[in-house]
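The structure appears below as C-alpha cells.
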Amino acid sequence: MTPSHTRSDALFARARQVTPSGVNSPVRAFGSVGGTPPFLTGASGALLHDADGIEYVDLVGSWGPMILGHAHPPVVEAVREAAGHGLSFGAPQPGEVSLAEEVVDRIGPVEQLRLVNSGTEATMSALRVARAATGRDVVVKFAGCYHGHVDALLAEAGSGVATFAMPGSAGVTAATARDTVVLPYGDREAVTALLAERGGEIAAIITEAAPANMGVITPPEEDGIGFNRFLAESAHAAGALLISDEVLTGFRASRAGHYGIDGAGWAPDLMTFGKVIGGGLPVGAFGGRADLMGLLAPAGPVYQAGTLSGNPLATAAGLATFAGLDEAAYATLGSASTALQQMVAEALTTAGVPHVIQTAGTLFSVFFRSEPVRTYQDAKAQDTAAFTRFFHAMAEGGVYLPPSAFEAWFVSTAHTPEVLDRIAAALPGAARAAAQG
Ligand SMILES: *Cc1c(COP(=O)(O)O)cnc(C)c1O
C-alpha cells in the first residue's frame, strides 16, 4: 500500500500560497522528479520523519552538514548549552576563535579564516578579495560547478541550476556576465589557451575541489599532475589566484577535505567552506594566505561584514561536529560509503540499468549512463527519466534520495550496517523500476 501524503500535500498547498513554488531553495520543490516533497518534522541519526508519520532512511543529510547524523546528542547538547548563554552578541566570542583554529589546524593553506553565514557568502567574499588583490575583474569558472547563488558564478552552474536545466539566472547584469568566463571542467588546453590570450585580465580561477554539484567527478590526473595542482600553477603563472571551493567537500572527502586527498606540492590561495563546518546551523567560511586575508576591513580596503557572522550557537554546532570527526569517524564514513556503492551497483547491474558510480573520498554519486562522466555535458547526457523512476521507487521503499540526478548522495556516521540493510531492501525494486522505461 502506498502511504498517504495528505498532511504534506496540505502543507505544500499552503506553502505555495505564501512562498514561491512553496520552498526556500529550488531543488526542494521536487520540480524535476515530480510529486509532493515530504514536509519533515523530525530526524534522528540516519532517519527522517515526515508530517504524515512516514519514516525514511536519509541520503541527503541536509546536503552535507549532517555528517554525524541528525540530532547527534553531543551537537544538540552543545547548541542547547550555548543557547542558555545568549543567542547572538554581534561581538567577538570564544567559539569563533576555536572554530577558526580547528580549520587552520586541519588545512595547511588556510592561515586565516573569516566566518560568514553560508557558502554563497563565502565564495562571494573570496572573489572580492581576489579581485582586490589582483586589481583584475575576470573570474574563470567551470561548467557544472556550483558556487552558491553569487551573480558572477551562476553561469552554467550545477546543483539546482543544473537540475532545472537553466543556462544561468535571469537578473544577472550583462556587465557581470561579461566578467565571468566558463570553461569545460578538466579541459587543460582550454585553460592554457584562455590564460595565454587574456591572462592579464583574470583575477581568479574558481573550482570545486572535486565537482560534486553535477554529480561527483574525480579531478583528472595527467602525467601525475592533478587538475587542481594544474590550475594553481596555471593561475599563478598568469598572476591570478586559485580559489578552491570546499563548501561541499570540506571535512567530508577527508579530515582535511579534498585538499587532504590531492594537496601535495601545491596550494590554493583562497578556500571556501560551508555545510559540515556549521554542523547543520548556518555557517560558511573563507580563508587562505594571511597576506590576502589581511586585505579585509578593518585593516584592509575590502569590505565584508555580517550581523550574525560567528554566531555562538553556530560555532558551538560546528565545534561539536569537528569534535566527532576523528579518524574513526572517517573510517566509518568510508566503509558506509563503499558498502552503499557496492549494493547500488549490484542492484542496478542485476536489473540491467546503465550506471556509473564516481567518488571523491567518501563522497559519491550515481550517474544513470554507462560512460564515465568527466564534464557537465557528460552529466547532462544521463537518463534522468530512469533516475526519476528509481527515485520514486526508493521513496516508496522508505529511502530519501536527493531529488535530482545531479547531486551527490550523503552518508553519515549514523549509517550503520542495520540502516544500510534497509536501503539494500529497497534497491532491487527501485532498480527494476528504473529499468522499465
Ligand atoms: C552548497 C554549495 C555552495 C553554496 O553554499 P550555501 O550555503 O548553499 O550558500 C557553494 N559551493 C559549493 C561547492 C556548494 O556545494
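Going residue by residue through the stretch 315-325, is there one that turns out to be in contact with a helix residue (DSSP H, G or I) (Cβ under 6 Å, 6 or more places away or on another chain), part of a loop (DSSP other than H, G, I, E, B) and in contact (Cβ under 8 Å) with a residue 60 or more places away in the chain? No, the conditions are met nowhere in the stretch 315-325.
Among the candidates A82, A122, A132, A78, the residue that is crowded, with 23+ Cβ neighbours inside 10 Å and not in a loop (DSSP other than H, G, I, E, B) is uniquely A122. In this structure, A414 qualifies as under 21 Å from the mean Cα position of the chain (by Cα) and small (G, A, S).
Looking across the stretch 179-207, the residues that are within 26 Å of the chain's Cα centre (by Cα) and more than 22 Å from T272 (Cα to Cα) come down to D187, R188, A190. Pairs linking a residue in the stretch 115-138 that is over 20 Å from L195 (Cβ atoms) and of a type in the set (K, R) to a residue that is more than 8 Å from the ligand (Cβ to nearest atom) and at pLDDT 95 or above, with Cβ atoms under 6 Å and 6 or more positions apart or on different chains, are R128/V302. Within the set A426, A408, A379, A430, the sole residue that is in contact with a Leu (Cβ under 6 Å, 6 or more places away or on another chain) and not assigned by TED's automatic domain parsing to the domain that holds P220 turns out to be A408. Restricting attention to the stretch 4-34, the residues being assigned to a loop (DSSP other than H, G, I, E, B), surrounded by 14 or more Cβ atoms within 10 Å (Cβ to Cβ) and of a type outside the set (A, V, I, L, M, F, W, C) number 3.
The set of residues in the stretch 384-437 being part of a loop (DSSP other than H, G, I, E, B) and of a type in the set (F, W, Y) consists of F406, F410. Exactly one residue out of A155, A165 is outside any helix (DSSP H, G or I), within 16 Å of the ligand (Cβ to nearest atom) and either among the polar types (S, T, N, Q) or modelled with pLDDT under 95 (or both): that is A155.
For the stretch 214-230, a tally of residues being within 16 Å of the ligand (Cβ to nearest atom), closer than 20 Å to Q377 by Cβ and in contact with a helix residue (DSSP H, G or I) (Cβ under 7 Å, 6 or more places away or on another chain) returns 3.
Which residue, of A323, A290, A328, A264, is closer than 20 Å to G250 by Cα, surrounded by fewer than 17 Cβ atoms within 10 Å (Cβ to Cβ) and at pLDDT below 95? Spell out how you get there, then give the answer.
Working: A323 fails: at pLDDT below 95; A290 fails: at pLDDT below 95; A328 fails: at pLDDT below 95.
Selected residue: A264, the only one of A323, A290, A328, A264 that is closer than 20 Å to G250 by Cα, surrounded by fewer than 17 Cβ atoms within 10 Å (Cβ to Cβ) and at pLDDT below 95.
Looking at L231, L248, L242, just one residue is in contact with a Pro (Cβ under 8 Å, 6 or more places away or on another chain) and either farther than 22 Å from L325 by Cα or surrounded by 24 or more Cβ atoms within 10 Å (Cβ to Cβ) (or both), and that residue is L242.
What do you reckon, is P417 more than 23 Å from L47 (Cα to Cα) and not basic (K, R)? Criteria not met by P417.
The C-beta contact set for the stretch 278-297 (first residue assigned by TED's automatic domain parsing to the domain that holds E111, second residue of a type in the set (A, V, I, L, M, F, W, C) and surrounded by fewer than 19 Cβ atoms within 10 Å (Cβ to Cβ), distance under 7 angstrom, 6+ apart or interchain) comprises L295/A132; L295/V302; L296/V302. Condition first: within 15 Å of the ligand (Cβ to nearest atom) and touching a helix residue (DSSP H, G or I) at 6+ places or on another chain (Cβ under 6 Å). Now tell me which residues in the stretch 124-138 satisfy that. Within the stretch 124-138, no residue meets the criteria.
Restricting G265, G278 to residues that are under 15 Å from the mean Cα position of the chain (by Cα) and either farther than 18 Å from Y185 by Cβ or more than 16 Å from the ligand (Cβ to nearest atom) (or both) narrows the list to G278. Name the residue that is surrounded by the fewest Cβ atoms within 10 Å (Cβ to Cβ), counting only residues in the stretch 43-75 that are part of a helix (DSSP H, G or I) and within 16 Å of the ligand (Cβ to nearest atom). Ranking the candidates gives S62 first.
The values are calculated or read from the model by the stated rules, or taken from the named source; none is laboratory data. Because the structure is predicted, anything quoted here is derived from the model rather than measured. Positions of Cβ are generated from backbone atoms using ideal geometry, with glycine treated the same way; all protein chains shown enter the neighbour counts.
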